[in-house]
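Since the structure comes first, as structure tokens, the remarks are kept for the end.
The values are calculated or read from the model by the stated rules, or taken from the named source; none is laboratory data. Bear in mind that the values here come from a model prediction, so they are computed numbers and not experimental data. Cβ coordinates were reconstructed from backbone atoms using ideal geometry, including for glycine residues, and neighbour counts include every protein chain displayed. SASA here: full protein model, heavy atoms, side chains in, ligands and nucleic acids out. Shrake-Rupley method; radii C 1.70, N 1.55, O 1.52, S 1.80 Å.
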Amino acid sequence: MSADIDWKSIICRGVESDELDYKAPQNWRKLPRSGKAKFVRHCLAMANTKGGYVVVGVGEDASGQPAVFTGLTPEEAQSFDPTMVGSFINRYADPQIDFTIERPVVDGKRYAVFVIRRFSALPHVCSAGLEHELLQGVFYIRTADASSRPAYRSSEIHGIIQRAMRNQREQLGRMIRGLLYETHTSITQEEEGQSRFAEELAHSRNFFRKRRMALTGHWFTIELSITPDEYIPERFTLSELRHQAEGAYDFRPNSDFIAPGDLRDAYVTNVSLRFASQTRVWQLYQSGLFHFIAAHPLKEALDYRFLLDFSADAMRFISGLYAGLGFDEQALQIALSLNHVENLELKTETADPDRYFCRIPEISVTQTRTAADLASDAVSHAANLLRAVCERFNLPDGCHRNAVRRMRKRLNLP
């Protein structure tokens, strides 16, 4: 997992959140028990919320912002021994927290980073008090204002319980399926699941084609699908899908992905939450599959800005959606395709006299990520998706040097 993490984007982000906390340079062995207890509290809180990162080696500037990237001395870095630190932290957690300690080097400086994973079965309760920093029997949570505190609101307790019940339901479902399919068959469970996902994708595509049959002229289509690694027919309720979709989408006017009115006009079918117009259809299935497809008039050239905005909007939405649905550590296959694009020109916004064309009829890009990976830096993943598509137009990589900055501006991110 750590090999796929963009450490620089995490360490140099400079803004604490519900998934990120900074600590000044320090030596674990020299910390008083109260100092170690703070690490325990952050680990408990993040594990009970979304998971996240605690970065050690970043101090505060004069305004109190974590912007002094000092890093750790060799002695300080060595003191964060995973076995020793893990043993101490999990002495106060029941069940034990799933986390690792990485020591990446960024810009020539070494840091210690706690990589904390969200609980997968049962939430973590503090099993013993310590130095007025930890209270026995308390569920700690991480809040949007970067606070690690006890869960005391009913909605917060309900959220933890709901997550635990969903996890147990999924585990029970996997156990039952395992019992049912113990005997050898000609098709594996994984193959059967992929076949069921393929059926849902085919149904969604056919529904779209029927709606756009009346369109005349030349059109190209852009299609995005997110497929979990395991097929569970009724993994989520329809009301749960709508709730998570509404919570994940940050409305932006004139979006070519999900427009502001889509969620208001979306309706439920027997198996999905669906929006449909003559040129655009998206569906979120109870299995966790998301499918989007839209038709656009085929002009002389495709604007680079269209691909940039689409990638940013889509990745921001799916990172929030699948984190909310609890896919933190499950693999998600992201597939983006553009059809009917042979000899289509990609128009950039620079003064570059060169022209860039796609010489194949269909562009197909796939990536495999977890929701935790996406949530760690959705913009970087969006930029990678954009680069992969533009490579098929033979666009040089240097043309993307401002892509991340422009995506952050579009999404109102610092």
request  = Within segment 1-34, track down each residue that is assigned to a helix (DSSP H, G or I) and in contact with a strand residue (DSSP E or B) (Cβ under 9 Å, 6 or more places away or on another chain).
outcome  = 2, 4, 7, 8, 10, 11, 28, 33, 34
inquiry  = Any residue at all in segment 91-102 that's more than 26 Å from the chain's Cα centre (by Cα) and in a helix (DSSP H, G or I)?
reply    = yes
ask   = Mind checking whether some residue in segment 79-97 is touching a Cys at 6+ places or on another chain (Cβ under 9 Å) and of a type in the set (Ser, Thr, Tyr)?
value = yes
query = Would you call residue 342 within 30 Å of residue 49 (Cβ to Cβ), open to solvent by 10 Å² or more (accessible area, probe 1.4 Å) and part of a loop (DSSP other than H, G, I, E, B)?
reply = no
ask   = Within segment 186-198, how many residues are farther than 23 Å from residue 365 by Cβ and at pLDDT 75 or above?
value = 1
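Okay, residues lined up against (1) β-branched (Val, Ile, Thr); (2) in a helix (DSSP H, G or I):
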position	(1), (2)
221	yes, no
225	no, no
259	no, no
314	no, yes
message = For segment 35-58, give me the residue count where each residue is outside any strand (DSSP E or B) and under 12 Å from residue 112 (Cα atoms).
response = 1
request  = Could you tell me whether residue 61 is of a type in the set (Asp, Glu), farther than 28 Å from residue 373 by Cβ, open to solvent by 30 Å² or more (accessible area, probe 1.4 Å) and more than 28 Å from the chain's Cα centre (by Cα)?
outcome  = yes
key: Inter-residue pairs, beta-carbon under 6 Å, first at pLDDT 95 or above and in segment 9-34, second among the small types (Gly, Ala, Ser) and surrounded by fewer than 18 Cβ atoms within 10 Å (Cβ to Cβ), 6+ apart   = 24/59
query = If you check every pair at least six apart or on different chains, which have Cβ atoms under 8 Å apart with a residue in segment 297-318 that is touching a residue at least 60 places away in the same chain (Cβ under 8 Å) and more than 29 Å from residue 242 (Cα to Cα) first and a residue that is surrounded by fewer than 24 Cβ atoms within 10 Å (Cβ to Cβ) and of a type in the set (Ser, Thr, Tyr) second?
reply = 304/348
message = I'd like to verify a number: residues in segment 68-79 that are within 11 Å of residue 11 (Cβ to Cβ) and hydrophobic (A, V, I, L, M, F, W, C), how many?
response = 1
request  = Go over the candidates 145, 94, 107 one by one and state the one that is touching a His at 6+ places or on another chain (Cβ under 8 Å), open to solvent by 10 Å² or more (accessible area, probe 1.4 Å) and either acidic (Asp, Glu) or at pLDDT below 95 (or both).
outcome  = 94
query = Is it the case that some residue within segment 368-375 is assigned to a strand (DSSP E or B), in contact with a Lys or Arg (Cβ under 8 Å, 6 or more places away or on another chain) and charged (D, E, K, R)?
reply = no
